[in-house]
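Peer 1: Sharing a structure, written as structure tokens. Questions coming.
The values are calculated or read from the model by the stated rules, or taken from the named source; none is laboratory data. Remember, it's a predicted structure, so these values are computed and weren't measured experimentally. Every residue, glycine as well, gets a Cβ built from its backbone with ideal geometry; the counts of neighbours run over all protein chains shown. These area figures cover heavy atoms from the full protein model, side chains too; ligands, DNA and RNA do not enter into them. Shrake-Rupley method; radii C 1.70, N 1.55, O 1.52, S 1.80 Å.
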Amino acid sequence: MHIRLSLTLTDKIIGSAPFLYEGSFEAGVAYARRLGYDGVELHASDPSALHTPDLSAALKENGIQVTALGTGRLYVNKGLSLTDGDKAVRSEAIRMMKAYIDVAAALRSIVIIGCVRGNVPSPDRYGDTLLLLGESMQTLDAYACSHGVTMVFEPINRYENNYLCSTYEVADFLHVNELKNIKMMMDTFHMNIEEKDIGQAVIDNIGDIRYVHFADSNRLWPGQGHIDFRQIIEILSNYKYNGTISAECLPLPTKQEAAVNWLSSVKELLEQI
Ligand code: LER
Ligand code: MN
């Protein structure tokens with residue numbers, strides 16, 4: 001199994017965001033290398049901050065790959081969503097997502113679609129929201145296809161987003177909308193809340209899974225809660241998953257301790273395969 005282990009970097013941690021480094025991306029790349037990571041997952045509210053000569057030089061110098069770009073800050077910082085009732089807001093969300101795709105094409109990275117999906121404003125608007133999301137995703141899929149970029153939709157637990165919370169729901173949505181370059185990712189923290197059987201959900205959806213976040217049931221690094229990571233890694237290995245596993249967990253007790261402990265526990269699990 002050829003897996004890349006990636007560290008989550010952000011320019012600014014907002015609230016209880018599960019990222020393990022805060023500061024300049026160039027310094028973050030060197031830090032990820034020093035700790036022994038192979039890649040970085042970048043979370044910035046402005047995609048243009050990610051396509052700079054300094055960052056490219058830092059990536060090259062440290063032999064580090066950008067594994068994915070997170071886009072949640074569009075929703076958290078700017079209130080933009082792909083399903084907003086106001087067409088002008090949806091269009092702005094799509095315009096910004098296209099800017100992330102442009103950067104991802106240059107960096108050969110994946111783009112994550114997480115909370116930028118927005119929420120269903122009231123139960124009677126569920127169908128309309130799915131239709132709006134389908135429309136926005138078709139537009140992004142066409143753009144991603146023409147730029148050779150893969151996007152991954154993240155099932156997020158019900159306490160953070162009120163629809164498309166489980167892997168099965170997301171798989172249905174992607175298939176019904178016949179999306180070509182938009183696949184799925186899995187985050188074990190969310191799966192622990194939403195799936196009946198995490199291992200079975202990985203097996204049933206493996207054909208669509210292109211990216212992985214590892215955090216334990218309490219969102220600390222693997223081994224601190226009760227998720228069976230050995231079983232999940234065995235399944236990923238059996239199905240020849242060759243993508244990234246990313247360290248998206250709470251920065252506790254400190255960012256650095258979480259980053260160091262996440263890596264050593266995941267490496268130890270991988271060595272046992
Ligand atoms: C994003 O990857 C995620 O998992 C969300 O829960 C952000 O907090
Ligand atoms: Mn996640």
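Residue by residue, here is whether (1) part of a loop (DSSP other than H, G, I, E, B); (2) within 11 Å of ligand 1 (Cβ to nearest atom); (3) open to solvent by less than 10 Å² (accessible area, probe 1.4 Å) holds:
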site	(1), (2), (3)
192	no, no, no
211	no, yes, yes
216	yes, no, yes
219	yes, yes, no
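Peer 1: While we're looking at this one, here's another question. Give the residue that is farthest from residue 16 (Cα to Cα), with candidates limited to residues of the stretch 157-168 that are out of contact with any Lys or Arg (no Cβ under 7 Å at 6 or more places or on another chain) and within 16 Å of ligand 2 (Cβ to nearest atom). I'd like the intermediate steps shown before the answer.
Peer 2: Start the filter on the stretch 157-168 by keeping residues that are out of contact with any Lys or Arg (no Cβ under 7 Å at 6 or more places or on another chain), which leaves 157-160, 162-163, 166-168.
This time we only want the ones that are within 16 Å of ligand 2 (Cβ to nearest atom), so: 157-160, 166-167.
Values: 157: 15, 158: 17, 159: 14, 160: 12, 166: 22, 167: 24 Å.
Only one residue fits best here, namely 167.
Peer 1: Would you check if residue 144 is in contact (Cβ under 8 Å) with a residue 24 or more places away in the chain and either closer than 30 Å to residue 60 by Cα or not in a helix (DSSP H, G or I) (or both)?
Peer 2: Spelling it out, residue 144 is indeed in contact (Cβ under 8 Å) with a residue 24 or more places away in the chain and either closer than 30 Å to residue 60 by Cα or not in a helix (DSSP H, G or I) (or both).
Peer 1: A further question on this structure: Conditions first: (1) of a type in the set (D, E, K, R); (2) loosely packed, with under 15 Cβ neighbours inside 10 Å; (3) in contact with an Asp or Glu (Cβ under 9 Å, 6 or more places away or on another chain). Residue 61 passes all but one, so which condition is the exception?
Peer 2: (3) is the only condition that residue 61 fails.
Peer 1: Between a first residue in the stretch 237-262 that is within 11 Å of residue 37 (Cα to Cα) and open to solvent by less than 90 Å² (accessible area, probe 1.4 Å) and a second residue that is of a type outside the set (A, V, I, L, M) and part of a helix (DSSP H, G or I), which pairs have beta carbons less than 9 Å apart while being 6 or more apart in sequence or on different chains?
Peer 2: Close Cβ pairs satisfying both conditions: 247/262; 259/31.
Peer 1: Out of the residues in the stretch 74-99 that are within 16 Å of ligand 2 (Cβ to nearest atom) and modelled with pLDDT of 95 or more, which is surrounded by the most Cβ atoms within 10 Å (Cβ to Cβ)?
Peer 2: The qualifying residue surrounded by the most Cβ atoms within 10 Å (Cβ to Cβ) is 74.
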